[in-house]
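I have placed the structure first, in the form of structure tokens, so that the comments after it can refer back to it.
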Amino acid sequence: MKPFSCSAACLAFAFLATAFSTAATGDQATISPPGTDPAADAPAAGSTAIDFDDVVADVSGRYFAMNPEMATYYGVPESVAGPGRDSQLGGLSPAAEAERRAIAAAIVAQLEAVDSTALNPREAIVHAVLLTQFRNASGPARVVDYGAVFSDYGNWFLPYPVTQLSGPQIAIPGILEKQQRVASSADADAYLTRLAGYANAIDEVITKIDADRKLGVVPPDFIIDKAVAVIEARSLAAPSEHSLVTSFRKRLDEAGVADSDKHAAKAATLIETGVYPANRRLVAALKVLRDNAGSEAGVWRLPNGDAFYRAMITHMTDTTLDPQEIHDIGLAEVTRILSEMDAILRAEGYTDGTVGERMSALGEEERFVYPNTDAGKIRLIADLNAQMAEIEPLLPQWFGLLPKAQLVVKRVPVYAEQSATGGFYDAPAMDGSRPGTYWINLRDTAIWPSYSLKTLTYHEANPGHHLQTVIGMEQQSPILQTVLYSNAFGEGWGLYAEALAKEMGLYDDDPFSDLGRLQDELHRAIRLVVDTGMHALKWSREQAIRYMVETEGAHPSEAEAEIDRYVVWPGQALGYKIGMLRIQALRAEAEAKMGEGFDIREFHDEVLRNDAVPLDVLGAKIERWMQ
């Protein structure tokens, strides 16, 4: 294969090399040097696999005890997660947060005590992944007292307990409606027990909101307003018509569970007597909180905000890059991608205005717009299914390992459209009871011009998140290794997959979809600029929105939603481009070193074989593979 041409990205690679060099000599896990024995999984001299397996089992049990929702999300068996996890909720009070931090610190110490040089290569990778992920995820907790460690998304640190995108008011209904198994009377009881715990979870998070307020931590006013709007929108239906009741009843009936009427009636009562009153208490608390809120978007304004953001960068990108360095990488990538887009636009006769202006005009052309009607949305989903079918027969030419789990496309439920992101992926259950799901948010089809959809499909489905996630899950790695995925690897792979689809010929004779691909890559480069702009360089929210709209031609409503996402998840959006650049750099290095011996299928298999590992672990793994 032709080596990756870096052009302006060479600046990015130089920065990344510096970051990984620093990380390798600092507080990072390491992988033992490679051996030549083909029996790579045999225990090294002086070690026993059982001892390390015991460590992994103990760490896994402790993790799922503090975050039982993740056991449900991934369909983790009780033998790993512990009994009754599907009926439990993690604590959200200040005391529970302190306990989580203590557990995380104890796990780091436990993993640091393992002699990694005595592990075989497979064990060494597992050890490096777990140690790096627990260190990085708990890193922000070592510099600030506020926020939540190991929160809604498995291992993410979040600065605010409740926002428009996260918090128990979103996470608990999401688990119950999308991942909670309802196939028996026992499952129904677990569902109702967890639903009954919702009110207490809300009361606990209210105490956490107040505790963080006393530390000087209040979300921006526009974030509070959006959070309130989401909660109120979820509290309008009659209790018996609430989606937590109707979806529950539907699954009970589909599974043939006895006494489904009684179970559904209990759920409706819990909505009326527990969920709705709790939501009113949360809204009241947020409205009081808003009295102390300002409009500054960045975390620089929070106590020890600069150190916090740097810790979030390490957590979300697996690097020690400086915010200004990331900002500069973003600007260089924006310049490169705009040049490529300009060339295609000119070739298609679009010559007037900036690239952003031309893309805005393009997105409004009738031929690219799906009607914002039921029929238009049905056609959009049909097109997504057709794209997934088109790529399927090409995958064996590029991958030796292929996913076995099924994949389906689903529309984000109407009630969740305002709080959900545009498109996203949920992993299948490990027991095979639930397929992988590619979700598409159809709140407004104007945000999905037809030329943008191929890239979204390749990112979320194949060869993106579905292929990457399922291959990792099917390689017999410890379950916790799958759960604690690297944000930079996972999202970096998704963006790499978008570019790979072009190599696979899926944009041939389709210049407008190729523009859509470049616009999406531009979007990820812009994220480097606006995320660091707001959180380190003191950009306003309005400045960030304006930059996104003007530079890429984003729909204004989508730009606002995106920017507000970066406000509440600082650093997360950096992982896409940083991860992609790292994977591309490793591929270019392998192609140069291996010459005719380079096999793209083997390279991709090696990248994906051990789940979404931290980028420094990936680098060590690929170095060993090249030898």
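The helices (runs of 4 or more DSSP H) located wholly in the stretch 531-627 that include 1 or more residues which are of a type in the set (Ser, Thr, Tyr) and more than 23 Å from the chain's Cα centre (by Cα) occupy 541-552.
Among the residues of the stretch 425-439, the ones that are at pLDDT 90 or above and of a type in the set (A, V, I, L, M, F, W, C) come to 1 in all. For Gly505, the conditions (1) buried (at least 22 other Cβ atoms within 10 Å of the Cβ); (2) in a loop (DSSP other than H, G, I, E, B) are fulfilled apart from (1).
Here the stretch 294-319 is the region considered, the condition is being of a type outside the set (S, T, N, Q) and either part of a loop (DSSP other than H, G, I, E, B) or on the phi > 0 side of the Ramachandran plot (or both), and the residue that is surrounded by the most Cβ atoms within 10 Å (Cβ to Cβ) is Asp318. Could you tell me whether the stretch 341-350 includes any residue that is more than 30 Å from Ser166 (Cα to Cα) and under 28 Å from the mean Cα position of the chain (by Cα)? Within the stretch 341-350 (the criterion being more than 30 Å from Ser166 (Cα to Cα) and under 28 Å from the mean Cα position of the chain (by Cα)), the answer is yes, since at least one residue qualifies. The test for being touching a Lys or Arg at 6+ places or on another chain (Cβ under 8 Å) and either under 25 Å from Pro173 (Cβ atoms) or assigned by TED's automatic domain parsing to the domain that holds Gly619 (or both) holds for Leu289. Out of Ile440, Ile391, Ile378, one residue alone is farther than 27 Å from Glu562 by Cα and either surrounded by 15 or more Cβ atoms within 10 Å (Cβ to Cβ) or hydrophobic (A, V, I, L, M, F, W, C) (or both). It is Ile391. Of the helices (runs of 4 or more DSSP H) entirely within the stretch 320-402, those holding at least 3 residues that are small (Gly, Ala, Ser) and more than 30 Å from Ala536 (Cβ to Cβ) occupy 374-391. Among the residues of the stretch 369-418, those that are in contact with a strand residue (DSSP E or B) (Cβ under 8 Å, 6 or more places away or on another chain) and farther than 20 Å from Glu474 by Cα comprise Lys377, Leu380, Ile381, Leu384, Asn385, Met388, Val409, Lys410, Arg411, Val412. Scanning the stretch 562-583 for residues that are touching a strand residue (DSSP E or B) at 6+ places or on another chain (Cβ under 8 Å) and of a type in the set (A, V, I, L, M) yields a single hit, Val568. A search for C-beta distances below 8 Å between a residue of the stretch 362-377 that is in the same structural domain as Ser450 (by TED's automatic domain parsing) and any residue that is of a type in the set (Asp, Glu), counting only pairs 6+ apart in sequence or on different chains, returns Asn372/Asp444. Of all residues assigned to the stretch 136-155, at least one qualifies as being farther than 23 Å from Val228 by Cα, charged (D, E, K, R) and not in a loop (DSSP other than H, G, I, E, B). Within the stretch 470-493, is even one residue within 19 Å of Tyr73 (Cβ to Cβ), without any contact (Cβ under 8 Å) to a residue 60 or more places away in the chain and part of a helix (DSSP H, G or I)? No, there is no match, as no residue in the stretch 470-493 is within 19 Å of Tyr73 (Cβ to Cβ), without any contact (Cβ under 8 Å) to a residue 60 or more places away in the chain and part of a helix (DSSP H, G or I). Here Asp291 clears all of (1) surrounded by fewer than 20 Cβ atoms within 10 Å (Cβ to Cβ); (2) touching a helix residue (DSSP H, G or I) at 6+ places or on another chain (Cβ under 9 Å) except the condition numbered (2). Among the residues making up the stretch 542-581, those that are over 24 Å from Ser452 (Cβ atoms) and touching an Asp or Glu at 6+ places or on another chain (Cβ under 8 Å) are Pro570, Gly571. Scanning the stretch 268-298 for residues that are over 15 Å from Ile224 (Cα atoms) and of a type in the set (A, V, I, L, M, F, W, C) turns up Ala268, Leu270, Ile271, Val275, Ala278. Among the residues of the stretch 250-270, those identified as closer than 17 Å to Ala196 by Cβ and either in contact with a strand residue (DSSP E or B) (Cβ under 7 Å, 6 or more places away or on another chain) or free of Cβ contacts under 8 Å to residues at least 40 places away in the same chain (or both) are Lys262, Ala264, Ala265, Ala268, Thr269.
Counting only helices (runs of 4 or more DSSP H) wholly contained in the stretch 227-293, the ones carrying 1 or more residues that are of a type in the set (Asp, Glu) and over 30 Å from the mean Cα position of the chain (by Cα) occupy 243-255, 260-270.
The values are calculated or read from the model by the stated rules, or taken from the named source; none is laboratory data. From a predicted model like this one, the values you see are computed outputs, not experimental measurements. Neighbour counts run over all protein chains shown; Cβ positions are idealised from the backbone, glycine included.
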